[in-house]
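Below: one structure, written as structure tokens.
The values are calculated or read from the model by the stated rules, or taken from the named source; none is laboratory data. Computed from a predicted model, the values in this text were never measured in an experiment. Here the Cβ positions follow ideal geometry from the backbone for every residue, glycine too, while neighbour counts run over all protein chains shown.
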Amino acid sequence: MNSLRWGVLSVSTHYKLRVHQQLVGSELTKIAAIASRDAEKAAQAAREFGFEKSYGSYEALLADPDIDAVYIPLPNHLHAEWIKKAADAGKHVLCEKPFAMDATQAVDATRYAEAKGVKVMEAFMYRFHPQWVRTKEIVLSGEIGKVLFVQTLFTFNNRDPRNIRNILEAGGGAIYDIGCYACSSARFIVGKEPERAISLTERDASFGTDVLSSGMLDFGDARALFTVGTQAFPAQQVEVIGSAGSISISIPFNMYSDVPAEMRVVTSIGPRTLRLGPAGQYRLMFDAFSKSVLEGTPVPTPPSDAIGNMRAIDALFKSEKSGFWEKV
């Protein structure tokens, strides 16, 4: 099987810290080029990471006929725009979360890419980690009974006004940055879309971004509750409570790649701790996407999932303003 040749749009800290090292040595995914609006910055990144090419603009990378697909870790407000520009260039797209700024943008970008004949997927890497694969297997097996609610905690502390997560116009804030994980994981576990949502949000007086947000998604016969924050002690946890048992995931989203993940399952027989991995969830995600392109099969997470997540996020923001439940 051949490999897929990738380009990275922007020299992002996220890519440098969390993604690149996991992709080294992959037989399916070959990161061949990187672009920045600063040509020297791109050239330095290419030297550092061993890329064959660097470009001083995103457009120049997209014009490279040797690049098959692009990874978009740009600020949130640029996602939909560059998905469409990549599609114009005939490049398949793996785009960081959240997929867009709202569901309307997500639908538009998805339809545009599909009309151009390219594959597109939202980069929720956690779903590819063995701990989440096993969680879904346990839920589907009925071992913990019927899922009643999913509870998520996800926080970090970043008060830097220059950080993109604290810039409102760029799509900063807790719900966009990490609340998207709470919505995505709940939808993944429950296995359907929520009917309505409600939220309680606190915003930073200077940034305007939401810094402490709690929400509830109503699935009709199940619920999801979460709290996310950008100015709190870093923490993350997911609990899945069923009618006959529970699952607790210790590091659900930013899991290390060099140690096994731990999850605790409790049923009437008693508790057990599962250790799965080590695994590079970014490597697994990129390789799964590359394989789908090379084999001409559907991407592992369909674009409709990205649209569904944005609809949930839209409802949470509407609820913040109305103070009431909002339809998803």
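I need the full set of residues from the stretch 234-256 which are closer than 22 Å to residue 301 by Cα and either surrounded by 16 or more Cβ atoms within 10 Å (Cβ to Cβ) or at pLDDT below 95 (or both), in order please. Correct list: 238, 240, 249, 251, 252, 253, 255. Apart from one condition, residue 48 fits all of (1) closer than 13 Å to residue 11 by Cα; (2) of a type in the set (Asp, Glu); (3) surrounded by 19 or more Cβ atoms within 10 Å (Cβ to Cβ); the exception is (3). Scanning the stretch 163-221 for residues that are of a type in the set (Val, Ile, Thr) and either assigned to a strand (DSSP E or B) or over 16 Å from residue 321 (Cα atoms) (or both) yields 164, 167, 178, 189, 190, 198, 201, 211.
Filter the stretch 157-179 down to residues that are within 20 Å of residue 216 (Cα to Cα) and of a type in the set (A, V, I, L, M, F, W, C) and give me whichever is surrounded by the fewest Cβ atoms within 10 Å (Cβ to Cβ). The residue in question is 178.
For residue 119, the requirement of being at pLDDT 95 or above and not assigned by TED's automatic domain parsing to the domain that holds residue 268 is met.
Restricting attention to the stretch 146-168, does a residue exist that is touching a residue at least 60 places away in the same chain (Cβ under 8 Å), closer than 21 Å to residue 83 by Cα and in the same structural domain as residue 209 (by TED's automatic domain parsing)? Yes, there is a match, as at least one residue in the stretch 146-168 is touching a residue at least 60 places away in the same chain (Cβ under 8 Å), closer than 21 Å to residue 83 by Cα and in the same structural domain as residue 209 (by TED's automatic domain parsing).
If you take the residues of the stretch 79-108 that are among the acidic types (Asp, Glu) and within 28 Å of residue 238 (Cβ to Cβ), which of them is surrounded by the most Cβ atoms within 10 Å (Cβ to Cβ)? Among residues in the stretch 79-108 that are among the acidic types (Asp, Glu) and within 28 Å of residue 238 (Cβ to Cβ), the one surrounded by the most Cβ atoms within 10 Å (Cβ to Cβ) is 96. When residue 250 is tested against (1) hydroxyl-bearing (Ser, Thr, Tyr); (2) touching a residue at least 40 places away in the same chain (Cβ under 8 Å); (3) touching an Asp or Glu at 6+ places or on another chain (Cβ under 8 Å), exactly one condition is not met: (2). Considering the stretch 109-118 alone, what residues qualify as being buried (at least 21 other Cβ atoms within 10 Å of the Cβ) and either assigned to a helix (DSSP H, G or I) or in contact (Cβ under 8 Å) with a residue 60 or more places away in the chain (or both)? The answer is 109, 110, 113.
Looking only at the stretch 267-307, filter to residues that are surrounded by fewer than 17 Cβ atoms within 10 Å (Cβ to Cβ) and of a type in the set (Lys, Arg); which one of those is farthest from the chain's Cα centre (by Cα)? Restricting to residues being surrounded by fewer than 17 Cβ atoms within 10 Å (Cβ to Cβ) and of a type in the set (Lys, Arg), the top hit is 272. Elements of the type strands (runs of 3 or more DSSP E) sitting completely within the stretch 227-298 and holding at least 2 residues that are touching a Phe, Trp or Tyr at 6+ places or on another chain (Cβ under 7 Å) and under 30 Å from residue 197 (Cβ atoms): these cover 231-242.
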